[in-house]
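Input: a single structure, listed below in structure tokens.
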Amino acid sequence: MQSWIDPEHQALAKSAAKALKDNVVHNRSGLPPFRLPQVAQQILDGLLLFISAGDTAPVLSLGHKLGQQGLGLRALLGLSRVLLREVLARLPGRAPDALEEAARVNDYLTLLVDAVAEQERREIGVQRDEMQRALERAIQNRERELRSVILELSTPIMPVYDHILVLPLIGKLDTERAGRITEFLLRDVVDRQARTAIIDVTGVPAMDAETVAALVRTARALDLLGTHPVLVGIRPEIARALSDHGACLAGIVVLANLQSGILYALRREGLEVCGSPPPQRGAVRLSRGR
């Protein structure tokens, strides 16, 4: 086959380059169009080597290399059709082994296509894995952001008077949520220079050992900042949980409900709450105690 293909080498390389340019949209960005004639020449050189030596390893190596450089599978298939058609057209009609020689060209192109396809599958797999990891990271980040927003919305810290804050707790408390609540509360205590912080546990359905410990830690942290902790909304089952878990509430004022807690905090500020007519409106007025 060398005898007839050598003179046709340049013509075949030109046809191969044209086929690649016609299918340039199927290549990846790593393979610029100006390199396509060089790629076509590499493919023709590989064909000559395969015809002379019959070794498949260099063909597979070339296919992997071209795939890494960005040669697309559809572009190579387009080149293969053109090149095989050109070879069949240029084979000497009198050659008794013309079909066998065409089959060897087809074998070479099949090996090359298989190698590029394998490389493309690898890269798609890598890209898929990277996209999956990026998606998982994005989902995790979004979940953390949503949890943070939900936590802030579910634990509103309300200033009811100068230097008095109320934190109403609603729903189950786990260790993570209790830690974040403590963080938000301490930050607001410092920002607002609160002297009394009322923690209302009326909306907490139950308390386990971790919840009790977190609650006590929050109260102790408030005390260290110079803020007086007040615990309100203790129902019988909550009181039993605090007792069962040996919660040390020394130095923490415990009151029945939020109203009594606010009254207590106002009195600490030197204020008295007096009824205000007309009574049907339920208004209250504050006056400085003597």
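The values are calculated or read from the model by the stated rules, or taken from the named source; none is laboratory data. Predicted model, so just to flag it, every value in this text is computed and none were measured. Using ideal geometry, Cβ is built from the backbone for each residue, glycine included, and neighbour counts are taken over all protein chains shown. Heads up: the accessible areas ignore ligands, DNA and RNA and are worked out on the full protein's heavy atoms, side chains in. Shrake-Rupley method; radii C 1.70, N 1.55, O 1.52, S 1.80 Å.
For Ser243 and Phe184, a Förster radius of 25 Å and the Cβ-Cβ distance give a FRET efficiency of 0.35, rounded to the nearest 0.05. With all protein chains kept in place, the per residue accessible area of the chain amounts to 57 square angstrom at a probe of 1.4 angstrom.
Accessible surface of the chain, 1.4 Å probe: 55 percent of it comes from carbon and sulfur atoms. When the helices of the chain are scored as -39500 (n - 2.57) per DSSP H run of n ≥ 4 and the total is divided over every residue, the value at 222 nm lands at -21500 deg cm²/dmol. Counted over region 156-267, the DSSP beta bridges are approximately 20% antiparallel. Heavy-atom accessible surface of Lys172, to the nearest 10 Å², is about 150 Å², with a 1.4 Å probe and all protein chains retained. Bridges between two residues of the chain, per DSSP, are antiparallel at a rate of about 35%. Cβ under 14 Å from Val59's Cβ, Val59 left aside: what net charge do those residues give with Lys, Arg +1 and Asp, Glu -1? Residues close to Val59 contribute a combined charge of -3.
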